[in-house]
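Working notes, beginning with the structure itself.
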Amino acid sequence: MMIKVVLFDLDGTLVDSDKPVVRAIQLAFTRAGLPKPTAKQILKFAGYSTIDWIDCVLRELQLNHDPKPLAVSMHSILKSDLEKHGAAMSGARKTLASLKKRGLRLFVVSNASETYLPAGLQQLKLFDYFEDVIGLEKLIVPKPNSTSLVRLISKLRVKPAECLYVGDTEVDAVYVKGVGNGITFALLKNNRNSDVN
């Protein structure tokens with residue numbers, strides 16, 4: 001069956017955002033008077049929604065703290081500092097332009113908050129390639145729960161086998177696996193995901 005729809009994760013897939021995201025989480029922790037997690041402790045949980053991600057880091061540090069205000073602080077830091085929210089991954093624009101030229105429908109499906117997602121993509125000159133940009137608020141249930149992906153595929157009136165999902169984390173792999181029925185997953189390899197199938 002021919003691929004008609006390509007769905008992309010954002011952070012770590014289209015945007016090299018590890019450094020700014022780590023910086024934002026570390027700053028959120030220190031502003032709350034908490035110990036600053038290391039980059040390794042943070043990136044270990046990359047791919048989850050911000051609240052779940054921060055909750056994992058808090059548990060890793062054995063801290064009993066509400067993740068919600070830390071998530072709000074992190075988003076505020078990223079939103080007010082968009083120019084430091086990473087750069088487009090090498091080859092991203094060329095790949096998106098090529099896929100668009102072939103007539104494929106392109107979407108972003110990310111656990112990132114829509115408070116900064118569209119503006120960040122516009123600044124990186126990636127926004128116009130996509131038919132829609134779907135962030136945490138539209139997902140309702142964050143990845144790795146596959147409910148939103150099943151719903152989106154149905155809404156697009158395509159079969160799962162006509163879809164390709166491109167991501168960079170175990171969260172993305174589990175998200176796609178939950179759909180079943182032949183959807184294809186492509187893993188963008190990097191130095192922190194060698195254990196992902």
Residue pairs qualifying under the 6 Å Cβ cut-off, at least six apart or on distinct chains, with the first in segment 22-48 being over 14 Å from residue 68 (Cα atoms) and the second being open to solvent by 50 Å² or more (accessible area, probe 1.4 Å) and in a helix (DSSP H, G or I), are 36/30; 41/60
Residue pairs qualifying under the 8 Å Cβ cut-off, at least six apart or on distinct chains, with the first in segment 147-162 being without any contact (Cβ under 8 Å) to a residue 40 or more places away in the chain and the second being assigned to a loop (DSSP other than H, G, I, E, B) and open to solvent by 70 Å² or more (accessible area, probe 1.4 Å), are 147/140; 148/140; 160/181
The residue that is nearest to residue 98 (Cα to Cα), considering only those in segment 115-129 that are in contact with a Phe, Trp or Tyr (Cβ under 9 Å, 6 or more places away or on another chain) and open to solvent by less than 20 Å² (accessible area, probe 1.4 Å), is 121
Taking segment 115-156 and keeping only residues that are in a loop (DSSP other than H, G, I, E, B) and acidic (Asp, Glu), one is left with 131
Output for Cβ contacts, cut-off 9 Å, separation at least six or different chains, first residue buried (at least 16 other Cβ atoms within 10 Å of the Cβ) in segment 86-102, second of a type in the set (Lys, Arg) and in a helix (DSSP H, G or I), reads 86/19
Taking segment 163-184 and keeping only residues that are surrounded by fewer than 19 Cβ atoms within 10 Å (Cβ to Cβ), touching a helix residue (DSSP H, G or I) at 6+ places or on another chain (Cβ under 8 Å), of a type outside the set (A, V, I, L, M) and without any contact (Cβ under 8 Å) to a residue 60 or more places away in the chain, one is left with 178, 180, 181
If we ask which residues in segment 148-162 are open to solvent by less than 30 Å² (accessible area, probe 1.4 Å) and of a type in the set (S, T, N, Q), their number turns out to be 1
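The values are calculated or read from the model by the stated rules, or taken from the named source; none is laboratory data. If you're wondering where the values come from, they're calculated on a predicted model, not measured in any experiment. Reconstructed Cβ throughout: ideal geometry from the backbone, glycine too, with neighbour counts over all protein chains shown. SASA here: full protein model, heavy atoms, side chains in, ligands and nucleic acids out. Shrake-Rupley method; radii C 1.70, N 1.55, O 1.52, S 1.80 Å.
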